[in-house]
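Here's the structure, in structure tokens; my notes come after.
Read the figures in this text as sums done on the coordinates, not as results from a lab. This is a predicted model, so every value here is computed, not measured. Quick reminder, even Gly has a Cβ in these numbers, built from the backbone with ideal geometry, and neighbours come from all protein chains shown.
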Amino acid sequence: MSKVADDNNSLSPLELYLSKFSTPPSVSYEDIADSPRGKIVHIETERFIASSLYSSKKTYDEYSENIQQLYKLTFADPIVMEKFVIGTARTPEPFQFQGLVNSQSMRWEKGYPFAAFMVTDKETDTVVGYEVIGNTGIDNTGELVYLFNKHYHRSETIQNVGYENVGALCLVYGESLFKSKEKGKSNI
């Protein structure tokens, strides 16, 4: 084993993350109006912000421009979708995406913390992708799901997008869920 590998084995997950990014990720919460338990979560990294995939609107045409952009740049793109979940292009229609957004919004409104995030580029406000930290129903075990806009795939100019975002999701949000012993309860 090389010296670098030995050194990396002794680093904590946060130290490994900070070996690539100088700023640690942070998490903040804001209340959802008219929802006593509902919270919007924001996870901020050096270059990106992941925010709860939430809309008080119920139809695709009413969604914010960013949520519509999420659909167009990820879920409606066959190149992106061929890498997602089952490995074959399966691009949902807008009404199917609408169902996804509405179900995720309902989770956030009810304070259920295992729900989806929409990631945006802080510099350009471009939608980067979608990520979820899910509850498998098995204590202390979660699952990750993510997909990113193809312009952020293995780019020479934009590197480590997945590592930065999924790492932050696990390090700050996942850790806070674990520390709070959150196992699917309906509060954050």
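Structure above, values below:
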| read-out | value |
| --- | --- |
| Theoretical ellipticity at 222 nm over the chain - DSSP helices of four or more residues, -39500 (n - 2.57) apiece, nearest 500 | -7000 deg cm²/dmol |
| For the chain, built as a Gaussian network whose Cα springs stay under 10 Å, the top-fluctuating residue of PHE48, PHE21, PHE75 | PHE21 |
| Karplus (6.51, -1.76, 1.60) ³J(HN,Hα), θ = phi - 60°, over the range 60-71, in Hz, Gly and Pro reported as x | 3, 5, 8, 4, 4, 4, 5, 5, 5, 5, 4, 4 |
| Cut-off under 5 Å, modelled amide H: who pairs with ILE32 long-range | GLY38, LYS39, ILE40 |
| Local net charge near ARG47, Cβ-Cβ under 10 Å (Lys/Arg +1, Asp/Glu -1) | -4 |
| In sequence order, calculated HN-Hα J values of the range 37-46 (Karplus, 6.51, -1.76, 1.60; Hz; x Gly/Pro) | 10, x, 9, 9, 10, 10, 10, 10, 10, 4 |
| Rg/Rh (Cα only; Kirkwood hydrodynamic radius) as it applies to the chain | 0.97 |
| Förster radius 30 Å - calculated FRET efficiency between THR126 and SER22, Cβ distance, rounded to 0.05 | 0.85 |
| Full-stretch length increase - TYR29, LEU144 - with 0.36 nm per residue and alpha-carbon distance subtracted | 39.3 nm |
| Residue of ALA116, ALA33, ALA50 that the Gaussian network model of the chain assigns the largest fluctuation, springs spanning Cα pairs under 10 Å | ALA33 |
| Residues whose placed amide H lies under 5 Å from that of ALA115, excluding near-sequence neighbours | ILE133 |
| Max mean-square fluctuation residue, GNM over the chain, Cα-Cα springs under 10 Å, options SER12, SER26, SER51 | SER12 |
| Karplus (6.51, -1.76, 1.60) ³J(HN,Hα), θ = phi - 60°, over the range 72-78, in Hz, Gly and Pro reported as x | 5, 8, 10, 5, 8, 9, x |
| Global form of the range 10-83, assessed from the alpha-carbon gyration tensor, a/c cut-off 1.5 | oblate |
